[in-house]
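The values are calculated or read from the model by the stated rules, or taken from the named source; none is laboratory data. This is a predicted model, so every value here is computed, not measured. As a convention, Cβ positions derive from the backbone with ideal geometry for all residues, glycine included, and neighbour counts pool all protein chains shown.
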Amino acid sequence: MSKSRISWQEFQKLAPDAYAALGALSKAVSASGLEHDLLEMIKLRASQINGCAFCTQFHLNAARKLGVPAEKLDLLVVWRDAGIFSPREKAAFAWTEDLTNVAGHHISDEDYAAVTAFFPSAELAALTTAIGLINTWNRIAGPLHFAPPIPQHAIEQHRESVTA
């Protein structure tokens, strides 16, 4: 990744009201009752689609802290063929992809019916908000090249392997 244009910390200082508003929305989604591991996986999937290194690493870190199995994180990019995701997770990932790629198509009645089979209205509202929020963050962090929050132990392991 190229050099950060504006760091995450700088963004917080330069746009404190925007940062606070996004934070408040994040708290609302977190308090919605949706499973936190599912929320992290949909944030990760949208970030993969959008090519946002910062958000991808951020949500990988968060998912690992929640105990999301490594196999799920490894295979999320190919979730349709992985065989390890529940029907509810698959519905959430399909909805995530639909909304993340909304500029290329409209959301069909079939797509809506598929997600509402697993998410009642209140959950669908929270899920849709979470997807909108991560897409907003991707459109901030990606173009500004926020540096990915790589854990220090991983940086040290990389340095050791390069010098060995």
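State the number of residues belonging to segment 57-80 that are among the aliphatic types (A, V, I, L, M) and out of contact with any helix residue (DSSP H, G or I) (no Cβ under 9 Å at 6 or more places or on another chain).
Number satisfying all stated conditions: 1.
Of everything in segment 98-111, what is surrounded by fewer than 18 Cβ atoms within 10 Å (Cβ to Cβ), out of contact with any Phe, Trp or Tyr (no Cβ under 9 Å at 6 or more places or on another chain) and part of a helix (DSSP H, G or I)? Give them in sequence order.
Result: VAL102, ALA103, GLY104, ASP109, GLU110.
Within segment 139-161, restricting attention to residues that are of a type in the set (A, V, I, L, M, F, W, C), in a helix (DSSP H, G or I) and modelled with pLDDT of 55 or more, which residue is farthest from the chain's Cα centre (by Cα)?
The residue in question is LEU144.
Yes/no per residue for (1) farther than 18 Å from ALA147 by Cβ; (2) part of a helix (DSSP H, G or I):
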position	(1), (2)
LYS3	no, no
LYS13	no, yes
GLY23	yes, yes
SER26	yes, yes
VAL29	yes, yes
SER32	yes, no
ILE49	yes, yes
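Output yes when any residue across segment 78-94 is farther than 22 Å from PRO148 by Cα and under 11 Å from the mean Cα position of the chain (by Cα), and no when none is.
Within segment 78-94 (the criterion being farther than 22 Å from PRO148 by Cα and under 11 Å from the mean Cα position of the chain (by Cα)), the answer is yes, since at least one residue qualifies.
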